[in-house]
1. Please sort 151-161, 328-338, 230-240, 277-287 by packing, taking for each peptide the average over its residues of neighbouring beta carbons within 10 angstrom, highest first.
2. Roll a 1.4 Å probe over the protein chains and send me the accessible area per residue for the stretch 83-338 in Å².
3. Between the stretch 296-339 and the stretch 175-197, what is the C-alpha centre distance in whole Å?
4. Report, in whole Å, the centroid distance computed from the Cα atoms of the stretch 246-273 and the stretch 56-78.
5. What do the square roots of 5 times the Cα gyration tensor eigenvalues come to for the stretch 215-339, in whole Å, largest first, as semi-axes of the equivalent ellipsoid?
6. What's the magnitude of the charge dipole for the stretch 70-223 around its Cα centre, counting Lys and Arg as +1 and Asp and Glu as -1 at the beta-carbon? Answer in Debye, nearest 20.
7. Could you size up the charge dipole of the chain around its Cα centre, putting +1 on the beta carbon of Lys and Arg and -1 on that of Asp and Glu, and report it in debye to the nearest 20?
8. Which of the peptides 94-105, 26-37 is most tightly packed, and how do the rest follow, judged by the mean count of other Cβ atoms within 10 Å per residue?
Amino acid sequence: MIIVLKPEATKKEKKHIIDRIKELKLTPRVLHGTERDVIAVIGSESIISQLPLEVFPGVESAMPVLKPYKLVSRKVKPDSTVIDVNGIKIGGGKTFNIIAGPCSIEGLGMMRNIWKSIQQTGIGIMRGGAFKPRTSPYSFQGMGKKGLEIFKKIKKEFKISVITEVMDTKDVELVAKYSDILQIGARNIQNFSLLKEVGKCKKPVMLKRGMAMTIKEFLMAAEYVLSQGNFNVILCERGIRTFEPLTRFTLDISAVPIIKKETHLPVFIDPSHGGGRWDLVEPLSKAALAVEADGIIVEVHDNPENAVSDGEQSLRPYKFNEMVEKLRKTAEFMGKEIC
Ligand code: PEP
Ligand code: MN
């Protein structure tokens with residue numbers, strides 16, 4: 001059930017409604033909109049419908065939610081969610097965020113090199129994996145905590161924000177100490193214990209769509225995080241499995257406008273994993289901007305030939321810089337700032 005409050009609803013009226021919901025052993029979640037708040041009631045519709053909500057002072061309307069996802073639904077919160085990452089706004093249509101960096105953190109020198117050679121673009125968030133979900137147990141598994149320590153130094157040196165993947169529930173607290181955004185990878189996105197754990201955390205979370213996941217399942221994964229009280233979720237389309245062998249995955253570009261219609265959460269594209277080829281990164285990034293994605297997350301490596309992971313889909317810094325300048329022109333035309 002969704003309870004839409006009147007813009008002038010008082011704190012006391014809101015508290016009274018919340019108390020009555022709790023008396024029924026249901027969970028109220030308050031979503032703050034620009035003009036009014038809404039209260040989403042988690043639990044059985046038949047129990048909450050016992051309350052004549054419309055007669056409560058401060059209530060404008062109450063409606064059952066027929067979709068399986070509630071908190072992520074745009075019906076519940078019509079205005080787009082804007083997430084603030086150390087001053088950088090994600091979502092809301094005024095920005096096009098570009099997150100860039102290598103697939104894996106390989107050392108302090110390479111991280112410094114990469115950022116130094118792309119910082120002229122003015123972007124403010126770097127990516128890099130410390131815990132790597134590799135298909136083979138014999139492949140490089142990531143630098144772990146040492147990688148996080150490198151990110152700490154990079155953050156301080158360049159005054160930027162960072163995103164890195166968390167793979168295990170036991171590492172959520174640790175990764176949250178170092179990273180400004182927690183990434184949940186395509187292979188882990190239906191690890192519901194992990195989703196609940198990052199949901200209890202205050203840091204923004206980027207969820208990458210599973211390679212065999214429907215859009216509805218993707219939104220349900222986000223619902224897990226929101227249901228625990230963390231509303232700062234970014235959804236990232238990163239390609240799905242199809243029969244096409246010329247690309248690593250098939251980037252499902254239509255997922256962006258569908259998801260944006262269904263949910264208020266920001267939506268990103270990963271043009272690197274989406275195609276699995278560096279030469280597709282620019283066209284797919286242009287497509288991301290064209291379908292009004294809120295941003296992209298791009299793999300950039302200073303020595304892709306010798307990268308420990310995903311070298312074939314990584315852009316060299318100069319190529320990345322060229323691409324950003326092309327995107328900037330279109331973004332400006334669309335009234336969006338690249339950051
Ligand atoms: C990554 O970002 O390096 C990664 C492993 O992504 P995904 O989970 O989308 O495969
Ligand atoms: Mn990668």
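The values are calculated or read from the model by the stated rules, or taken from the named source; none is laboratory data. Keep in mind that what you see is a predicted model, and the values were worked out from it rather than measured. Virtual Cβ from ideal backbone geometry, glycine too; neighbours counted across all protein chains shown. Each accessible area value is taken on the protein alone, full model and side chains, heavy atoms only, with ligands, DNA and RNA left out. Shrake-Rupley method; radii C 1.70, N 1.55, O 1.52, S 1.80 Å.
1. Working: 151-161: 15.8, 328-338: 14.1, 230-240: 24.2, 277-287: 18.6.
Per-residue mean Cβ counts within 10 Å order the peptides as 230-240, 277-287, 151-161, 328-338.
2. On the way: 10540 Å² over 256 residues.
Normalised by residue count, the accessible surface of the stretch 83-338 is 41 Å².
3. Taking the Cα centre of the stretch 175-197 as reference, the centre of the stretch 296-339 is 24 Å away.
4. One Cα centre to the other: 25 Å.
5. Values: eigenvalues 124, 70, 39 Å².
They are 25, 19, 14 Å, listed from largest to smallest.
6. Numbers: 28 positive and 13 negative charges, 43 e Å.
It works out to roughly 200 debye.
7. Numbers: 52 positive and 40 negative charges, 143 e Å.
It comes to approximately 680 debye.
8. Details: 94-105: 24.5, 26-37: 14.9.
The peptides rank, most packed first, as 94-105, 26-37.
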